[in-house]
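Peer 1: Pasting a structure below so you can have a look.
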Amino acid sequence: MAPPNESKPTPKVAATPAPKLAAANAAKGGPASSSAPCLFSLQDGELTVGGGNNAALLTGVPGNVTLTPFAEAFDPAAASDAPRELVERAAANARRGAFLGFTLPAPASRAPCRVGRLAGPRRFLSVFRFKTWWSTAWAGRRGRDLQMETQWVLLEVPEVAGAGAGYVLVLPLVQGGFRSAIFPGDDDGVVICAESGSDAVTGTDFRRIAYVHAGDDPYKLMQEAYLAARVHLGTFRLIQEKALPAMADRFGWCTWDAFYLTVDPAGVWQGVSEFADAGLPPRFLIIDDGWQSMTARLYRFDECARFRGYREGALIHRPPELFYDKSMPKAVVRKAAEIENTGKARKKAAQGGATDLSSFDTKIEQLRRELDQLLVKRDALLAKLSDDGNAGAGAGAGEVGLKAFLKDMRRRFPGLDDAYVWQALCGGWGGVRPGATPLDARVVPARPSPGLAGTMDDLAVDRIIEGGIGLVRPDQAGDLYESMHSYLAGAGVTGVKVDVVHTLEYVCEEHGGRVELAKAYYDGLSKSVAKNFAGTGIIASMQQCNDFFFLGTRQVAMGRAGDDFWFEDPNGDPLGVYWLQGAHMVNCAYNSLWMGQFIRPDWDMFQSDHACAAFHAASRAICGGPVYVSDSLGGHDFELLRRLVFPDGTVPRCLHYALPTRDCLFKNPLFDQQTVLKIWNLNKFGGVIGAFNCQGAGWDPAEHRVRGYSHCYKPVSGEVRPADVEWSQREDTSSMAIAASYTVYRCQTEELLLMTPLSEPIQFTLQPSSYELFTFAPVATFGGATKVRFAPIGLVDLLNCGGAVVDVEYGSGGEVRMKVKGAGRLLVYSDVKPRRSLVDGCEAEFEWGDGGKLMVEVTWKQEKDGVSDVVFCY
């Protein structure tokens, strides 16, 4: 467990070594850990890995830096919070890990310590915070290449590959009242910085502030390292310990890009109607920011006036198509964006030395008048929803407000299973208004950590710093969430999207530091979600810092893997409509390497009529997370969405979560002009590789911002092979790794190819912001006298075609029986023409030829939940 907490203004207590892991396990009657020595060694100022022919990781290591083998530090008898199976797995891999830390001669609240010089050049992959809330990937070769606020570093160590140490993860942790991150140091130095966030919380002993772990499989290495952190810290749960929310397998709509802060009942109703009428009923709805009683701070726990005035039956009897101007929300959004852009231009001009800013002020004033006129017009329309004379029969006798609205929504759209609403972790963006609720809230000045000084400018951060946070007293955090969530649950809300998570670190000075303050809030949030939203009704967002994952994911099972989807560049680059999409995709893919250990990564919404909508759709199809869009009213590409969604509103979700392939791990698929982003995932009877040309944007260390790299926005070539699919990452798919041959279906070209593990890879070239999906299916041989080679591809009208295959059985009588969910063209590979095919017991025509392509049509059968029984007889 964690060492004695020295991060308090109390007399210091030296850390006491825990019992040896093997001895403790033996005493419990459990498995003894490996008696082999730790793979890591710290001697003569050099940190090495290998256990034999060692490879140097850090040189010039100072004398105050410590290395403690995991087997010596971990006491399984004290790991009562972790399931026994996890403790045993951690024990089995104990020799692969060690704690890396340091001591100080004097107490400090922020302790940056140089732990050595990165030996190299050595390729590494890392993830760092480029904003308070968001993280992105960064690759390099030397210590100078590291970025501030790095959450972890994966080192490639090829000289000891095969000896269990081909890769090493350096993982900053939390210890006592401190969290840590990695920073670059002088002369290729590596700095681990421990910080409490409060001058009153100091420490000297940081011997377990980071963890190092070695392995030959980078994906299993990540699993093992975070498992070690899990049983060591006992403050979070891994994804395999939690149930996913039901929305993970369903299609949904989020209101954000359609309305921003002006969301209203009629507009939400209209949006859901448009999907349902097109045969794509959303199974979940996220009413994003704008529904609350809030300006900058929350001042009531119920809904804002636009929703509060709704009367039961209003939209049942008078649906919005009879009176609602669906172009209004987009007009309001555009006008608000115009005001914001003019404000940015004014700020830029002022920074450039301009003294006469009156033209900007005049324009902003005029735009605000125009916006007010639009809002008056909108409010006049919405007034009809609270008018007794227009609410229909029974008006005045039923429910009102959000409860009435959601009740009517479910009457009109019975397939709508979940309704989530947005909230900020502290209540609102600026917290809770003091005196407006029974809770004890006061405005606390916001003070970002020094480590965030090099992050990207952020208007949200500027506004929070300007106004401070109305912070509810930490011992009332549970009351805050209970007050909000019990009301929402009573209104029919089934979950919350919790945003603006990392504001807590801005206001922790007087509350025991960032770790203790976070624990109080996350504990209250977890208990409320367990009580009010079935334990799973939560999506975390703006949460991509390690202390959230180590402290706040006991209940959270789903969270955002990337920053926001932007349909255009908010800073005005006209090409941003394209290059921002690749940056978003890369963030999601690489962040999933670590976030996927805690949560199921959510790749965020997108808009189906966007210029890069198909690019986004292809990634969402195989990401393994939820699929949802933020389409504006009337702005849909239903044909594209039908390639993602079944007619019942469910989706063919992959078994795993998408991750970068091995040959992409240490590359830069954003602006190296040569790397295609490839991501892999698994289906029940095959695998899939998604290839995406994301070149053209990325982090600029000199300018401290994400920007376009126009010279990189060009075609890029790549290659793909069966081994790119990580078959062995799941037990139920590992047998597919040893197939003698595979069929490969190319989504864009509709080619069906046959490969063996020794075949030359498939070569391809992608235009900017374009993609290809490669579906792999192992070839099986069956039959008696006549041998048949067969492989199920899936429904090729779907982007994740293999996700439609529910079951495959090879019969002794020379037949193949399949269960397939969905409608459209079922493609399989068969080197022999079948005698006949049956679909749901009826003779069905089929096409066979062209290198073994066998295709038959299936239809959606609602009474069978869309599943068709298909038989091929030979």
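The values are calculated or read from the model by the stated rules, or taken from the named source; none is laboratory data. These numbers were taken from a predicted model, which means no experiment stands behind them. Here the Cβ is made from the backbone with ideal geometry for all residues, glycine too, and neighbour counts use every protein chain on show. Accessible surface areas use protein heavy atoms only, side chains included; no ligands, DNA or RNA. Shrake-Rupley method; radii C 1.70, N 1.55, O 1.52, S 1.80 Å.
Peer 1: Which of the numbered conditions does T437 fail, given that it passes all the others? Conditions: (1) open to solvent by 90 Å² or more (accessible area, probe 1.4 Å); (2) farther than 30 Å from F128 by Cα; (3) part of a loop (DSSP other than H, G, I, E, B).
Peer 2: If we test T437 against (1) open to solvent by 90 Å² or more (accessible area, probe 1.4 Å); (2) farther than 30 Å from F128 by Cα; (3) part of a loop (DSSP other than H, G, I, E, B), just (1) comes out false.
Peer 1: Moving on to the next point. In the stretch 784-816, what count of residues is obtained for those that are more than 30 Å from the chain's Cα centre (by Cα) and β-branched (V, I, T)?
Peer 2: 4
Peer 1: Conditions first: (1) open to solvent by 10 Å² or more (accessible area, probe 1.4 Å); (2) under 22 Å from W291 (Cα atoms). E510 passes all but one, so which condition is the exception?
Peer 2: (2)
Peer 1: Taking into account only those residues within the stretch 663-706 that are charged (D, E, K, R) and in contact (Cβ under 8 Å) with a residue 12 or more places away in the chain, which is nearest to L452 (Cα to Cα)?
Peer 2: Once the filter is applied, the top-ranked residue is R705.
Peer 1: Can you report the number of residues in the stretch 782-800 which are open to solvent by 20 Å² or more (accessible area, probe 1.4 Å) and at pLDDT 95 or above?
Peer 2: 2
Peer 1: Quick one: how many residues across the stretch 454-513 are under 24 Å from G537 (Cβ atoms) and not hydroxyl-bearing (S, T, Y)?
Peer 2: Qualifying residue count for the region: 25.
Peer 1: OK, next. Go over the candidates G537, G513 one by one and state the one that is of a type in the set (G, A, S) and within 19 Å of P448 (Cβ to Cβ).
Peer 2: Just a single option satisfies the conditions, and that option is G513.
Peer 1: I'd like the full set of residues that are open to solvent by 10 Å² or more (accessible area, probe 1.4 Å) and either touching a His at 6+ places or on another chain (Cβ under 9 Å) or not assigned by the TED database to the domain that holds F548 (or both), limited to the stretch 515-524.
Peer 2: Within the stretch 515-524, just A520 meets the criteria.
Peer 1: Inside the stretch 525-560, can you point out the residues that are farther than 21 Å from I287 by Cβ, surrounded by 23 or more Cβ atoms within 10 Å (Cβ to Cβ) and charged (D, E, K, R)?
Peer 2: Passing the criteria: only D547.
Peer 1: Something else: Considering the stretch 118-140 alone, what residues qualify as being out of contact with any His (no Cβ under 7 Å at 6 or more places or on another chain) and either of a type in the set (K, R) or not in a strand (DSSP E or B) (or both)?
Peer 2: Scanning the stretch 118-140 gives A119, G120, P121, R122, R123, R129, F130, K131, W134.
Peer 1: Which residue is farthest from V556 (Cα to Cα), if the candidates are limited to the stretch 463-499 and must be open to solvent by less than 30 Å² (accessible area, probe 1.4 Å) and charged (D, E, K, R)?
Peer 2: D499
Peer 1: On to the next question. Given the options A777, A740, name the one that is of a type outside the set (S, T, N, Q), surrounded by fewer than 16 Cβ atoms within 10 Å (Cβ to Cβ) and either closer than 13 Å to V828 by Cα or in contact (Cβ under 8 Å) with a residue 12 or more places away in the chain (or both).
Peer 2: So the residue among A777, A740 that is of a type outside the set (S, T, N, Q), surrounded by fewer than 16 Cβ atoms within 10 Å (Cβ to Cβ) and either closer than 13 Å to V828 by Cα or in contact (Cβ under 8 Å) with a residue 12 or more places away in the chain (or both) is A740.
Peer 1: Let me ask something else about it. If you check Q763, Q748, which single one turns out to be open to solvent by 80 Å² or more (accessible area, probe 1.4 Å), at pLDDT 95 or above and part of a loop (DSSP other than H, G, I, E, B)?
Peer 2: Only one candidate passes the filter, namely Q748.
Peer 1: In the stretch 212-303, which helices (runs of 4 or more DSSP H) lie fully inside it and hold 3 or more residues that are open to solvent by 10 Å² or more (accessible area, probe 1.4 Å) and in contact (Cβ under 8 Å) with a residue 12 or more places away in the chain?
Peer 2: Fully inside the stretch 212-303 and qualifying: 218-233, 265-277.
Peer 1: Within the group P9, P31, P19, which residue is closer than 17 Å to D205 by Cβ and either at pLDDT below 50 or in a loop (DSSP other than H, G, I, E, B) (or both)?
Peer 2: P9
Peer 1: Please report, ordered by residue number, the strands (runs of 3 or more DSSP E) entirely within the stretch 611-697 with at least 3 residues that are not β-branched (V, I, T).
Peer 2: 677-683, 686-692
Peer 1: Of all residues in the stretch 709-728 being within 24 Å of the chain's Cα centre (by Cα) and buried (at least 20 other Cβ atoms within 10 Å of the Cβ), which is farthest from T765 (Cα to Cα)?
Peer 2: W727
Peer 1: So, R554, is that one out of contact with any His (no Cβ under 8 Å at 6 or more places or on another chain), within 29 Å of Q240 (Cβ to Cβ) and free of Cβ contacts under 8 Å to residues at least 40 places away in the same chain or not?
Peer 2: So R554 fails the test.
Peer 1: Do you know which residues across the stretch 54-75 are at pLDDT below 95 and either touching an Asp or Glu at 6+ places or on another chain (Cβ under 6 Å) or closer than 21 Å to A119 by Cα (or both)?
Peer 2: Of everything in the stretch 54-75, just one residue is at pLDDT below 95 and either touching an Asp or Glu at 6+ places or on another chain (Cβ under 6 Å) or closer than 21 Å to A119 by Cα (or both), namely N54.
Peer 1: Which of the following residues is closer than 16 Å to V500 by Cα and in contact (Cβ under 8 Å) with a residue 40 or more places away in the chain: A520, A561, A534?
Peer 2: It is A561.
Peer 1: Taking the stretch 584-617 as the region of interest, how many residues are over 28 Å from K242 (Cβ atoms), open to solvent by less than 10 Å² (accessible area, probe 1.4 Å) and of a type in the set (A, V, I, L, M, F, W, C)?
Peer 2: 3
Peer 1: Moving on to the next point. Of the residues that make up the stretch 312-332, is at least one under 32 Å from the mean Cα position of the chain (by Cα), part of a loop (DSSP other than H, G, I, E, B) and either modelled with pLDDT under 95 or hydrophobic (A, V, I, L, M, F, W, C) (or both)?
Peer 2: Yes, the conditions are met somewhere in the stretch 312-332.
Peer 1: A follow-up question, please. Can you name the condition, by its number, that G572 falls short on among (1) under 24 Å from G803 (Cα atoms); (2) assigned by the TED database to the domain that holds Q270; (3) open to solvent by 10 Å² or more (accessible area, probe 1.4 Å)?
Peer 2: (1)
Peer 1: Here is a follow-up. Which one is farthest from Q607 (Cα to Cα) among residues in the stretch 318-329 that are open to solvent by 20 Å² or more (accessible area, probe 1.4 Å) and in contact with a helix residue (DSSP H, G or I) (Cβ under 8 Å, 6 or more places away or on another chain)?
Peer 2: Once the filter is applied, the top-ranked residue is R318.
Okay, residues lined up against (1) open to solvent by less than 10 Å² (accessible area, probe 1.4 Å); (2) in the same structural domain as L173 (by the TED database); (3) not in a strand (DSSP E or B):
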site	(1), (2), (3)
T68	no, yes, no
E72	no, yes, yes
S80	no, yes, yes
A91	yes, yes, yes
R95	no, yes, yes
F99	yes, yes, no
T103	no, yes, no
P107	no, yes, no
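Peer 1: Out of the residues in the stretch 440-462 that are in a strand (DSSP E or B) and open to solvent by less than 30 Å² (accessible area, probe 1.4 Å), state the one that is nearest to H502 (Cα to Cα).
Peer 2: V444
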